[in-house]
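Here is the structure we will look at, set down as structure tokens.
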Amino acid sequence: MADPLSGRDAAALTKDLIDSLVENGVPEGRTIEYKQQLPGSTDSDKKEFLADLSSFANATGGHLIFGVEEKRDSAGKAIGVPDAAPGLAGIENTGVEIGRLDNLIRDGIDPRISGITIGEIPGFANGPVIAVHVPQSWAAPHMVDYKGQTRFYSRNNTGKYPLDVGEIRGAFALSEQLPERIRKFRQERLGRIIADETPLPIGTTAKIVLHLAPVKSFSQNARSDFAAEAESRAIYLEPLYLSSSHRRFNFDGFIVSARGPEKGRYRGYLQVFRSGVIEAVDTGLLSHSDVSTRPYVPSSFLEEKIIAAVGLYSAFLKQAGAEPPVIVMVSLLGVRRYQLAQSEGILSEPIDRNDLIVPEIVLEDLENDIGAQLRPIFDAIWQAAGESGSRNYDAAGHRKPTQSRISHVRGFGHSQDE
């Protein structure tokens with residue numbers, strides 16, 4: 001039976017969803033586990049809780065739901081099928097209980113699991129249901145480390161189980177392979193773009209390339225239906241610069257394109273791969289030059305466009321069921337001699353290399369301030385031009401107000417809207 005909670009963090013769960021688990025008899029398994037009570041104060045209760053969470057992270061992710069009673073066999077043993085959802089009785093302060101669970105997770109699992117959410121679901125007879133959502137981890141395997149006792153767990157269709165030595169070795173090998181898979185994908189795609197082997201012919205000038213890659217897309221359990229999701233959620237999918245002119249399926253998945261000034265070529269495109277990886281390529285953002293024909297990067301506008309695009313594409317991925325973490329990769333191709341500009345004019349030394357392959361960052365939370373999370377990418381671009389970091393942030397790390405048109409750059413000949 002399909003998991004009706006798949007792709008939902010704890011904050012997105014409702015009473016109706018919990019009730020539907022009971023009504024439909026959705027059993028425990030690889031992605032769901034039920035508990036009648038919260039873990040108590042005993043060491044065995046705490047270790048059981050940590051084992052449940054680490055097993056989800058080391059497998060495909062899932063939900064641990066407290067406040068649900070299970071059916072029992074003739075011997076009184078719980079059989080993993082929900083019987084009722086009365087909620088948790090005697091909870092005086094849900095915030096305190098959630099804080100206690102947070103502390104247990106922080107102190108008892110190594111390495112720490114990113115992206116866990118804990119939510120309170122009200123409306124039940126005895127009290128709230130508390131749900132913990134654990135995403136599949138990009139840093140697996142995670143170990144329960146409690147009072148000097150260590151153990152690794154994973155999950156299958158019957159629930160959690162301890163990993164043996166061979167399985168632990170295999171889990172570490174897969175963890176080491178994952179970053180390499182992502183790097184190889186990026187290298188291959190950039191190589192094709194530089195060689196003009198793109199899904200659509202694009203402009204021959206300098207290019208900005210943005211990749212968003214859900215880590216799960218590179219796992220052994222990657223899903224392959226994001227092209228269909230892209231067609232039904234087109235509101236989130238626009239190229240980096242200007243609006244789209246055409247949307248269609250292609251061999252790799254789903255593509256959105258924007259016409260450009262060069263005959264027979266496009267300004268850019270947005271490709272949604274079936275795996276969920278997103279590739280946005282644009283030539284318009286880097287097509288500007290001043291009256292002396294010096295090429296430049298409109299830094300504030302470029303950064304704002306990337307922030308907006310990452311926000312939209314992240315919203316699409318979340319709606320389509322992709323869970324964090326998501327790897328963000330920015331590359332500037334053909335930018336030797338480009339300088340960085342702001343409203344007051346050229347501010348930097350020329351970039352000293354043709355292609356800037358900016359180090360990737362990991363978005364572990366798709367809801368928090370995207371601009372703050374992307375700052376390391378922008379700092380790296382400014383450093384390539386001789387600066388200490390992006391001048392579009394203040395001392396506290398907040399983005400400065402920016403002009404809305406590049407025509408405000410003194411001495412430069414055309415605006416964003418051309």
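If a residue must be in contact (Cβ under 8 Å) with a residue 12 or more places away in the chain and either farther than 29 Å from A139 by Cβ or among the hydroxyl-bearing types (S, T, Y) (or both), how many such residues does the stretch 182-207 contain?
Let us first name the residues in the stretch 182-207 that are in contact (Cβ under 8 Å) with a residue 12 or more places away in the chain, namely 182, 185-186, 189-190, 193-194, 198-207.
From what is left, the residues that are either farther than 29 Å from A139 by Cβ or among the hydroxyl-bearing types (S, T, Y) (or both) are 193-194, 198-207.
Residues flagged as in contact (Cβ under 8 Å) with a residue 12 or more places away in the chain and either farther than 29 Å from A139 by Cβ or among the hydroxyl-bearing types (S, T, Y) (or both) within the stretch 182-207 amount to 12.
In the stretch 1-101, counting only strands (runs of 3 or more DSSP E) that sit wholly within it, the ones holding 2 or more residues that are under 24 Å from L317 (Cα atoms) span 62-66.
Residues in the stretch 222-243 that are of a type in the set (D, E, K, R) and either more than 18 Å from the chain's Cα centre (by Cα) or modelled with pLDDT of 85 or more (or both): 4 in all. Filtering the stretch 133-176 down to residues that are hydrophobic (A, V, I, L, M, F, W, C) and in contact with a Phe, Trp or Tyr (Cβ under 8 Å, 6 or more places away or on another chain), which residue is nearest to L50 (Cα to Cα)? Residue satisfying both the conditions and the ranking: V144.
Conditions tested, residue by residue: (1) under 24 Å from the mean Cα position of the chain (by Cα); (2) in the same structural domain as A322 (by TED's automatic domain parsing); (3) crowded, with 21+ Cβ neighbours inside 10 Å.
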{"residue": "V134", "(1), (2), (3)": "yes, no, yes"}
{"residue": "P141", "(1), (2), (3)": "yes, no, yes"}
{"residue": "R189", "(1), (2), (3)": "yes, yes, yes"}
{"residue": "P201", "(1), (2), (3)": "no, yes, no"}
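Of all the criteria given as (1) modelled with pLDDT under 90; (2) in a strand (DSSP E or B); (3) under 21 Å from the mean Cα position of the chain (by Cα), the one not satisfied by V328 is (1). Just a yes or no: is a residue in the stretch 312-324 under 18 Å from F185 (Cβ atoms), in a helix (DSSP H, G or I), within 12 Å of the chain's Cα centre (by Cα) and not acidic (D, E)? Among the residues of the stretch 312-324, at least one is under 18 Å from F185 (Cβ atoms), in a helix (DSSP H, G or I), within 12 Å of the chain's Cα centre (by Cα) and not acidic (D, E), which makes the answer yes. I'm trying to understand the selection: among the residues of the stretch 203-221, which are modelled with pLDDT of 75 or more and within 17 Å of the chain's Cα centre (by Cα)? Those that are modelled with pLDDT of 75 or more and within 17 Å of the chain's Cα centre (by Cα): L210, H211, L212, A213, P214, V215, K216, S217, F218. Somewhere in the stretch 77-87, is a residue surrounded by fewer than 21 Cβ atoms within 10 Å (Cβ to Cβ), at positive phi and of a type outside the set (A, V, I, L, M, F, W, C)? Among the residues of the stretch 77-87, at least one is surrounded by fewer than 21 Cβ atoms within 10 Å (Cβ to Cβ), at positive phi and of a type outside the set (A, V, I, L, M, F, W, C), which makes the answer yes.
Note on the stretch 13-37: residues that are over 22 Å from N58 (Cα atoms) and in contact (Cβ under 8 Å) with a residue 60 or more places away in the chain total 7. Of all residues in the stretch 347-369, those satisfying the criterion of being surrounded by 20 or more Cβ atoms within 10 Å (Cβ to Cβ) and farther than 23 Å from I193 by Cα are S348, L363, L366. In the set (1) within 15 Å of T204 (Cβ to Cβ); (2) out of contact with any strand residue (DSSP E or B) (no Cβ under 9 Å at 6 or more places or on another chain), the condition left unmet by T283 is number (2).
The values are calculated or read from the model by the stated rules, or taken from the named source; none is laboratory data. Given the structure is predicted, the values throughout are model-derived calculations rather than measurements. A quick note on method: Cβ atoms are made from the backbone with ideal geometry, for glycine too, and the neighbour counts reach across all protein chains shown.
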